[in-house]
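Notes follow the structure.
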Amino acid sequence: MEKYITSISIDISYDDVKTNPIVNSKIERELQNINNKNKGVKSTISNITGDDIVITSLVPENLINETNKNILKILKKYAEGFDDLNGLSDNPDDAGESISYATAKVASDYGDALIISFDTYGGEDMVNEMALFVKDIGEKYGFDVGCSIYDKPKNIEGIGYTGVSTDDPVIIITFKALEELPKLAGIIFGGLLSFDNLYFVKKGTGTNILPPGVIYTMSAFLNGNVIDLYEGIKRRYNLL
């Protein structure tokens with residue numbers, strides 16, 4: 001049975017700058033119930049970027065639909081803002097700005113992946129270029145890449161359609177050997193330095209920038225465990 005990494009990025013916050021840590025903790029606890037009930041499924045919050053959270057899962061192909069349904073129930077239960085949830089639709093023509101969703105095939109026995117999440121404040125016209133730049137890097141080096149940017153409404157299994165106006169993209173890059181992670185993360189970090197108004201931030205950071213602009217987080221999803229790569233990259237490249 002093929003296994004996949006899926007990432008659901010969504011804003012369920014009460015404001016446009018940050019998330020609620022209490023809500024995030026409650027969601028994380030409920031995700032562990034999904035993991036306990038379904039053998040082979042590992043779901044967790046991998047990235048928190050501005051007012052968006054990213055729920056990333058290692059999941060067998062036959063459980064993607066069920067897992068997504070369960071995640072949606074949790075999000076509805078704890079949401080403080082409903083714009084992204086209300087953008088979902090059973091009809092592609094009615095789908096609006098909503099969930100950013102990406103999938104990629106697992107490359108290792110552990111489902112190891114790099115997750116890059118973007119959030120904007122007034123940077124909606126520039127963020128897709130940045131995310132597609134990351135996608136191109138992954139593909140250039142032969143990795144399997146999942147990207148939430150589509151030119152038509154996207155049908156998310158078990159959830160519904162999300163519209164093309166959806167912003168705050170998420171990228172998944174799966175890899176086979178752990179030794180590939182530092183090189184891949186370093187290339188992405190270095191490449192994104194070429195963009196103006198883009199800030200690399202620690203997981204959980206609000207959109208505390210000079211608008212218009214974009215922030216991004218980068219996390220390693222390793223056998224269901226999450227490492228925020230901000231501190232590691234900061235030390236590796238001697239950043240202040």
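The values are calculated or read from the model by the stated rules, or taken from the named source; none is laboratory data. Predicted, not measured: the structure shown is a model, and the values here were computed from it. Note that we place each Cβ from the backbone using ideal geometry, even for glycine, and neighbour counts take in every protein chain shown.
Residues that are within 20 Å of ILE71 (Cα to Cα) and surrounded by fewer than 16 Cβ atoms within 10 Å (Cβ to Cβ) within segment 81-96 comprise PHE82, ASP83, ASN86, ASP90, listed in sequence order. Any residue in segment 107-119 that is without any contact (Cβ under 8 Å) to a residue 40 or more places away in the chain, surrounded by fewer than 23 Cβ atoms within 10 Å (Cβ to Cβ) and not in a strand (DSSP E or B)? Checking segment 107-119: at least one residue is without any contact (Cβ under 8 Å) to a residue 40 or more places away in the chain, surrounded by fewer than 23 Cβ atoms within 10 Å (Cβ to Cβ) and not in a strand (DSSP E or B). Restricting to segment 192-224, and then to whatever is within 25 Å of GLY111 (Cβ to Cβ) and free of Cβ contacts under 8 Å to residues at least 60 places away in the same chain, can you tell me which residue is surrounded by the most Cβ atoms within 10 Å (Cβ to Cβ)? Only one residue tops the list, namely PHE200.
Within the option set ILE159, ILE149, ILE99, being at pLDDT 95 or above, closer than 22 Å to VAL59 by Cα and surrounded by 23 or more Cβ atoms within 10 Å (Cβ to Cβ) holds for one residue only, ILE99. With respect to the stated conditions, VAL54 fails to be at pLDDT 95 or above, crowded, with 24+ Cβ neighbours inside 10 Å and over 24 Å from ASN128 (Cβ atoms). Of the residues making up segment 18-46, those that are closer than 21 Å to THR120 by Cβ and small (Gly, Ala, Ser) number 1. Just name the residue that is surrounded by the fewest Cβ atoms within 10 Å (Cβ to Cβ) out of those in segment 130-146 that are touching a residue at least 40 places away in the same chain (Cβ under 8 Å) and not hydrophobic (A, V, I, L, M, F, W, C). Among those that are touching a residue at least 40 places away in the same chain (Cβ under 8 Å) and not hydrophobic (A, V, I, L, M, F, W, C), it is TYR141.
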